[in-house]
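The values are calculated or read from the model by the stated rules, or taken from the named source; none is laboratory data. Bear in mind the structure is a predicted one, so any value in this text is a computation, not a measurement. FYI the Cβ positions are ideal-geometry reconstructions off the backbone, even for glycines, and counts take in every protein chain you see. Surface areas here come from the heavy atoms of the whole protein model, side chains and all, with no ligands, DNA or RNA. Shrake-Rupley method; radii C 1.70, N 1.55, O 1.52, S 1.80 Å.
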Amino acid sequence: MYKKLNLIALLLFAGITILAQDQYLTANAEDNEKIYVSKKTYNVKKFPHKFKTDKPKNIILLIGDGMGVSQVYAGLTANKGKLFINNCKHIGFSKTQSADNYITDSAAGGTAISSGIKTYNGAIAVDIAGAPVKTILEEASDKGLATGLVSSSAITHATPASFIAHQPDRGMYEEIAADFLNTDIDVFIGGGLDHFTKRQDGRNLVEELQEKGYKVETDIKAIKKTKSGKLAGLTAAVHNGRINDREDMLPVATNTALEILSNNEDGFFLMVEGSQIDWGGHASSTVYIVEDMLDFDKVVGQALAFAAKDKETLVIVTADHETGGMAITGGSIKDGVVKAEYPTKGHTGVMVPIFSYGPGAEEFTGIIENTDIYTKMKRLLLK
Ligand code: MG
Ligand code: ZN
């Protein structure tokens, strides 16, 4: 009798398990954002691994905010097994802990990569005592290289800010915007127009940028047409919208920046951030993560296309930290379906991947500190 009941229970359980695995096919509205079902995929090109030199003339650093291995694999699954990132043969891991917290935020994480120091959460290129630390972008600029920043959030947000500004707190957006004027950066494109124009101190930084010789544009179509000179592209009042709203803003902005920066014969440093992979993680939304992961991968594709042609450019693809503790609990590479669960609405402490391509790429392997990314970039680009 018991045996029979057990058997029925077992059969029922097995049935439920089989149903559960196919649950994404009958997702209710509540679950919609946890399951991504591919509608459209894109083709991924393979790039040759032939370079002119051992040391790069240019570095393109691509930061996927909140991009852990699960986020990359969600993108890879959603695009049915292929990403531009797959071109990178050199892979490592970065330890993300900040000076005061096992779980970093994007300000301390950005500062570690931009300046080579561990600082407290919230710090924008200042050390634990609050003293400014030189960033790789500033050092590149001092050496006569062209420099650029591109972001799908506000350009004043923590990640891009930590490459150009020095402030004790990431929330000081107006002070961060003013710091852009203290540099010779050649091109920056992202949101944050309000931080340049609607300010407590009454300064109009757009006018000040124009006086310094910048072309200031707010429309991505006008930005796209710019091929040389100094460019400030401020594409949103604060943050750029989600992908349906901003469309191909990030890939277009990246191409524009590459075009402008490559005019400099001494080389360049460019950082591009895919900001909203992190926001998808905070929202426990697989759909949001995948949309932004694929947008970011297209940016990787553009950077690789440039580097493959130029043969003197190092491309580094990494993250500041992981967000959401994303666990892929189901899916199909054949159908481009990803299902995930999230144990936290915040960041996690896990190490994040580093993918690299080009001269010097072999340096970015093994398990390294996030601060080592700065040290290695500096040694390769500026010494
Ligand atoms: Mg960010
Ligand atoms: Zn975050």
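Quick notes on this one:
- Computed from backbone phi, the HN-Hα couplings of region 207-222 come to 4, 5, 5, 4, 5, 7, x, 7, 7, 10, 10, 10, 9, 4, 5, 6 Hz, rounded to whole numbers (Karplus: 6.51 cos²θ - 1.76 cosθ + 1.60, θ = phi - 60°; Gly and Pro given as x).
- The distance from the alpha carbon centre of region 209-244 to that of region 110-144 is 25 Å, rounded to a whole number.
- Remark: the T197-D266 segment gains 21.5 nm on full extension, using 0.36 nm per residue and subtracting the alpha carbon distance.
- Mean accessible surface per residue for the chain, computed with a 1.4 Å probe while every protein chain stays in place, in Å²: 42 Å²
- Peptide ranges 126-138, 182-194, 40-52, 286-298 listed from the most packed, as the mean C-beta count within 10 angstrom indicates: 286-298, 182-194, 126-138, 40-52
- Residue-span extension gain [A305 to K334] - 0.36 nm each, minus C-alpha spacing: 7.8 nm
- Over all Cα atoms in the chain, the spread is summed up by Rg and Dmax: 21.6, 89 Å.
- Membrane-span-like helices in the chain, defined purely by DSSP H runs whose alpha carbon atoms cover 30 Å or more axially and whose average Kyte-Doolittle hydropathy reaches 0.0, are 286-310.
- Alpha carbon centroid spacing (whole Å) that separates region 313-383 from region 56-106: 2 Å
- Convex hull of Cα atoms in region 116-274, direction-averaged projection (nm²): 8.9 nm²
- In a reduced charge model with +1 at each Lys and Arg Cβ and -1 at each Asp and Glu Cβ, region 52-382 shows a dipole moment near 860 debye about its Cα centre.
- With contacts taken as Cα pairs under 8 Å at a separation of at least 6 residues, the chain carries a relative contact order of 30 percent.
- Whole-Å semi-axes of the ellipsoid equivalent to region 121-170 (Cα gyration tensor, √5λ, descending): 19, 16, 5
- Annotation: amide H of K230 within the under-5 Å range of K215, sequence separation 5 or more or interchain, hydrogens built in the peptide plane.
- Subset of K34/K334; K52/K378; K39/K224; K82/K334; K52/K227; K118/K378 violating a 23 Å alpha-carbon distance limit: K39/K224; K52/K227
- In nm, spacing of pseudo-spin labels at T218 and H49 (7 Å Cα→C-beta vector): 4.7 nm
- Here the label points at T344 and K383, each 7 Å from Cα along the C-beta direction, are separated by 3.4 nm in the simple model.
- Its DSSP H runs of at least 4 residues, each contributing -39,500 (n - 2.57), put the calculated 222 nm mean residue ellipticity of the chain at -10500 deg cm²/dmol, to the nearest 500.
- Given charges at Cβ of Lys, Arg, Asp, Glu: region 52-382 dipole, positive-most of F364, A107, M271: F364
- Here the chain exposes an accessible surface that is 54 percent carbon and sulfur, computed with a 1.4 Å probe and the other protein chains kept in place.
- Here the Karplus curve 6.51 cos²θ - 1.76 cosθ + 1.60, taken at θ = phi - 60°, turns the phi angles of region 223-229 into couplings of 4, 4, 7, 7, 10, 7, x Hz, with x standing for Gly and Pro.
- For the pair K95 and L181, the difference between a 0.36 nm per residue extended length and the Cα-Cα distance amounts to 27.7 nm.
- Taking region 21-156 and dividing mean pair separation by its residue count, relative contact order in percent (alpha carbons under 8 Å, at least six apart): 13 percent
- Solvent exposure ordering (accessible area, 1.4 Å, most first) of H282, H195: H282, H195
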